[in-house]
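Each remark here refers to the structure printed beneath this line.
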Amino acid sequence: MSAQPDHSPVPAAPYAPAPGAPAELLAQLRADRRAEQWVPAFERDWTKALEDARHAFSLTPLHEVVRTWQLRAAAAPDVDAFMDSGQDDADFVDLDDVFGGRP
């Protein structure tokens, strides 16, 4: 008798944003006070992900860019509040370490 299950668990479906999510995200980034820095960075990441997706025949790189930038945009108010609080940030954690870096 084996200790292994007789079936394989179904893997979780990869994150797939709504079809309009990239355009909505870009509009959100353009409206943000960080637009001058964020929009070119998003567009650079998106362009690279398009090229990667073309070569891999997979939408995963595009989904990862959307997910990463959604998380960055969602975390921005908390980061602003922390920075405005004047607390010591000498022992910071890089967001790329938290979110998995850029694709």
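Values computed for the structure shown
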quantity	calculated
Phi to ³J(HN,Hα) by Karplus 6.51 cos²θ - 1.76 cosθ + 1.60 over region 33-38, Hz, x for Gly, Pro	5, 8, 3, 4, 9, 6
Residue-normalised accessible area of region 22-77, given per residue in Å² at a 1.4 Å probe	61 Å²
Cβ-Cβ FRET estimate between ASP78 and LEU50, R0 fixed at 30 Å, reported to 0.05	0.50
Sites GLN87 and PHE57, calculated FRET efficiency, Cβ-Cβ separation with R0 35 Å, nearest 0.05	0.15
For region 72-83, 3J(HN,Hα) per residue [Karplus equation, 6.51 cos²θ - 1.76 cosθ + 1.60, θ = phi - 60°, Hz, x = Gly/Pro]	4, 5, 5, 7, 4, x, 5, 5, 4, 4, 5, 5
Linear extension gain, PHE99 paired with GLU36, 0.36 nm per residue minus alpha-carbon span	20.5 nm
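The values are calculated or read from the model by the stated rules, or taken from the named source; none is laboratory data. Nothing here was measured: the structure is a model prediction, and the numbers come from that model. All Cβ positions, even for glycine, are placed from backbone atoms using ideal geometry, and neighbour counts span all protein chains on display. These area figures cover heavy atoms from the full protein model, side chains too; ligands, DNA and RNA do not enter into them. Shrake-Rupley method; radii C 1.70, N 1.55, O 1.52, S 1.80 Å.
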